[in-house]
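In what follows, a single structure is set out as structure tokens and then discussed.
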Amino acid sequence: MKWNYLEIERVENLTKSAFIEQYYKPQKPVVITQQTKEWPAFKKWNFDYIRQVAGEKTVPLYDSRKTDYTKKVNEPDFTMTMAEYLDILENGPTDLRIFLYNLIKEVPTMKSDMEWPKLGLKLMKNLPLVFFGGQGAKVFMHYDIDFPNIFHFHFEGKKQCVLVDPKETKYMYRLPYSWICNEDIDFDAPDFEKFPALKNVHPYITTLEHGDMLYMPEGWWHYMKYITPGFSLSLRSLAKQPLHLFKGFLNVAVIRYYDNWMRKQKGQSWLDYKDEKSILKTNAHLKRR
């Protein structure tokens, strides 16, 4: 059995009112294919340009290993210079990726290459985050800790994006005290025998290419896979739902620190407990259906 994916709607452009009424208010994802065509970045931003303006910057890197209890939430696996990392990307498949990195803060001149979308959302202009990945690199299934509305702009190459409505969280084997799924799940080929609740999930899918912008509503799960080496930029806006604002604050101010503390106190047994609990709690929903 395989998932029957729903294609995320794609449009060339949207007015502010159309975006608000058709996608933001109903919290529905959409890809806008012409959103960055007028940005200077559309023609300028490629690996050669990034190497030129940021090659000497030290960047955080992540690979495909499971969470390590010796590391804090979102602590990188290791670091290297941007130039060294780009060399690896261009020399063949790699699971190395950059995640949640504020490159624009490090290279302020890049901000002049952008234009802030006029789609009715108040964007956090001090927090533009970039994401890089090599061919075959995967970003684990997760939702963002602070429940933002996200404009995700892709540059260079192709990236596959799978989204899941937060209404289906009860079937996602979410780890307790976290915002990621059980890391034993292969979201390219889910094992429905081991994780039967996933049969009830109805994922959305799209492939982003250079210039595409994906709108991800607050709390939506997302899993990314780089088909070719590439990078993306995310702009975020605070959650519109009061409950999501509260949960986001709780995650940022309390829960992540509690998780870090428990890793330090309990070690691997804490992560094993979370894995087991995610399976028991999620499968219990099936018995109540």
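The values are calculated or read from the model by the stated rules, or taken from the named source; none is laboratory data. Note that the structure is a prediction, hence the values are computed from the model and not measured. So basically every Cβ, Gly included, is an ideal-geometry build from the backbone, and we count neighbours across all protein chains shown. What goes into the accessible areas is simple: the full protein's heavy atoms, side chains included, and nothing from ligands, DNA or RNA. Shrake-Rupley method; radii C 1.70, N 1.55, O 1.52, S 1.80 Å.
Looking at the structure I just gave you, is K225 basic (K, R) and part of a loop (DSSP other than H, G, I, E, B)?
For K225, the condition - basic (K, R) and part of a loop (DSSP other than H, G, I, E, B) - is not met.
Return only the number of the condition from (1) closer than 29 Å to I8 by Cα; (2) open to solvent by 30 Å² or more (accessible area, probe 1.4 Å); (3) out of contact with any helix residue (DSSP H, G or I) (no Cβ under 6 Å at 6 or more places or on another chain) that P76 does not satisfy.
Result: P76 passes all but (1).
Which strands (runs of 3 or more DSSP E) sit wholly inside the range 39-141 and have at least 2 residues that are farther than 20 Å from I227 by Cα?
The strands (runs of 3 or more DSSP E) meeting that bar are 58-61, 78-81.
Looking at this structure, is T70 at negative phi, loosely packed, with under 15 Cβ neighbours inside 10 Å and at pLDDT 95 or above?
Here the answer is no, as T70 does not meet what is asked.
Within the range 60-84, can you find the residues that are within 17 Å of the chain's Cα centre (by Cα) and aromatic (F, W, Y)?
Y62 - this is the single residue of the range 60-84 that is within 17 Å of the chain's Cα centre (by Cα) and aromatic (F, W, Y).
D113: within 18 Å of S232 (Cβ to Cβ), open to solvent by less than 30 Å² (accessible area, probe 1.4 Å) and of a type in the set (D, E, K, R), yes or no?
Against the criterion (within 18 Å of S232 (Cβ to Cβ), open to solvent by less than 30 Å² (accessible area, probe 1.4 Å) and of a type in the set (D, E, K, R)), D113 qualifies.
Condition check ((1) open to solvent by less than 10 Å² (accessible area, probe 1.4 Å); (2) more than 30 Å from V107 (Cα to Cα)) across all residues:
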residue: H210; (1), (2): no, no
residue: E218; (1), (2): yes, no
residue: A253; (1), (2): no, no
residue: W261; (1), (2): no, yes
residue: S269; (1), (2): no, yes
residue: Y273; (1), (2): no, yes
residue: L280; (1), (2): no, yes
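Under 20 Å from the mean Cα position of the chain (by Cα), farther than 29 Å from F249 by Cα and β-branched (V, I, T): is that true of T109 in this structure?
No, not satisfied.
Would you pick out the residues in the range 90-111 that are touching an Asp or Glu at 6+ places or on another chain (Cβ under 9 Å) and charged (D, E, K, R)?
Matches in the range 90-111: D95, R97.
Answer with yes or no whether D144 is in a loop (DSSP other than H, G, I, E, B), surrounded by 21 or more Cβ atoms within 10 Å (Cβ to Cβ) and touching a residue at least 12 places away in the same chain (Cβ under 8 Å).
Answer is yes for this residue.
Within the range 238-251, track down each residue that is under 22 Å from L214 (Cβ atoms) and crowded, with 18+ Cβ neighbours inside 10 Å.
Result: A239, H244, G248.
What do you reckon, is E38 free of Cβ contacts under 8 Å to residues at least 60 places away in the same chain and open to solvent by 50 Å² or more (accessible area, probe 1.4 Å)?
Judged against the criteria, E38 is not a match.
In the range 4-21, what residues are open to solvent by less than 100 Å² (accessible area, probe 1.4 Å) and of a type outside the set (G, A, S)?
Scanning the range 4-21 gives Y5, L6, I8, E9, V11, L14, T15, F19, I20.
I need a count of the residues in the range 249-288 that are of a type in the set (K, R), within 21 Å of M172 (Cα to Cα) and touching a residue at least 24 places away in the same chain (Cβ under 8 Å).
The number of residues fulfilling the criteria is 4.
Name the residue that is nearest to the chain's Cα centre (by Cα), counting only residues in the range 85-104 that are under 30 Å from R263 (Cα atoms) and among the aliphatic types (A, V, I, L, M).
Top of the filtered list is L100.
Taking the range 1-52 on its own, how many of its residues are β-branched (V, I, T), out of contact with any strand residue (DSSP E or B) (no Cβ under 8 Å at 6 or more places or on another chain) and at pLDDT 95 or above?
1
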